[in-house]
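Below is one structure, written out as structure tokens, with a few remarks after it.
Where a number appears in this text, it was derived from the coordinates with a stated rule and is not lab data. Keep in mind it's a predicted model, so treat the numbers as computed, not measured. Virtual Cβ from ideal backbone geometry, glycine too; neighbours counted across all protein chains shown.
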Amino acid sequence: MALTPSNMLPLGTKAPDFTLIDTKDNISKSLSQLKGENGTLIMFICNHCPFVIHVNEQLVSLANDYKSNGIRCIAISSNDVANYPQDGPELMKKHAKDNHYPFPYLYDETQDVAKAYDAACTPDFFLFDGNDELVYAGQLDDSRPGNGIPVTGKDLRTTIDALLNGNAINPDQKPSMGCNIKWKTT
């Protein structure tokens with residue numbers, strides 16, 4: 001496990017399009033099918049990362065809390081499953097069920113989507129507005145495994161609330177931190 005910060009994709013970037021298999025039902029789904037009317041949170045996560053495991057409950061809560069406000073969450077795993085089989089599609093499906101994911105859990109087998117988003121770690125968060133423009137690329141909150149700070153989702157929730165209320169979004173955004181995405185080697 002290498003502690004890795006997110007790359008901070010420039011604000012205003014248009015959400016790169018994709019079509020990936022949702023491991024929950026084995027159906028291909030596109031960003032245009034899944035995105036929210038008022039915003040879309042793209043989350044790069046995986047099954048085994050202790051940083052993701054630490055925030056799983058909050059991710060479920062956040063997705064459920066904002067769904068009725070037109071905010072949709074989409075989780076994507078891009079890890080190399082040849083070297084990290086615990087992140088493979090069948091185990092993703094089980095993980096999503098065991099954790100009651102209310103959002104799709106997509107498998108980025110080629111890693112092209114992670115590269116398009118410049119994702120670097122798990123978890124890595126990208127919040128887009130209703131026009132698919134990036135308004136937030138940063139951390140969920142200050143909590144990390146072992147630091148004693150409760151997981152609240154404060155940073156992301158504050159940003160989603162500002163987006164929904166038409167308020168200015170703070171451009172000073174702290175990068176997420178977590179395990180590096182497990183890139184395939186050629």
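Beta-bridge orientation, the chain: approximately 70 percent antiparallel, per DSSP, counting only bridges with both partners inside. When the Cα positions of N99, A119, C179 are compared along the charge dipole of the chain, N99 comes out farthest toward the positive end, with charges on each C-beta of Lys, Arg, Asp and Glu. Taking each of K93/K184; K154/K174; K14/K115; K67/K154; K14/K35; K14/K93 in turn, the alpha-carbon distance tops 19 angstrom for K93/K184; K14/K93. Aspartates and glutamates near K29 by alpha-carbon distance under 18 Å, same-chain residues fewer than 8 away left out - which ones? List returned: D17, E37, E90, D108, E109, D112, D132. For a test of the definition: using alpha carbon positions, the gyration tensor, and the 1.5 limit on a/c, classify the chain as rounded, prolate or oblate. Verdict is rounded for the chain. For the modelled label position 7 Å from the Cα of Q33 along Cα-to-Cβ, which residues of region 43-84 have backbone nitrogen atoms closer than 17 Å? Output list for this probe position: 72-77. For K24, the residues whose modelled amide H falls within less than 5 Å of its own, excluding neighbours fewer than 5 places apart on the same chain, are Y105. The relative contact order of region 38-111 comes to 40 percent, based on Cα pairs under 8 Å that sit 6 or more residues apart. Here the contact order of the chain, divided by its residue count and restricted to Cα pairs under 8 Å and six or more residues apart, works out to 33 percent.
Of the beta bridges in region 3-104, as assigned by DSSP with both residues counted there, near 40 percent are antiparallel. Region 121-149 and region 19-52 have their alpha-carbon centroids 15 Å apart.
If the chain linking A162 and N147 were pulled fully straight, counting 0.36 nm for each residue of separation and taking away their Cα-Cα distance, it would gain 2.7 nm. Cβ crowding within 10 Å, taken as a proxy for footprinting-reagent exposure, orders K97, K154 from fewest neighbours to most as K97, K154.
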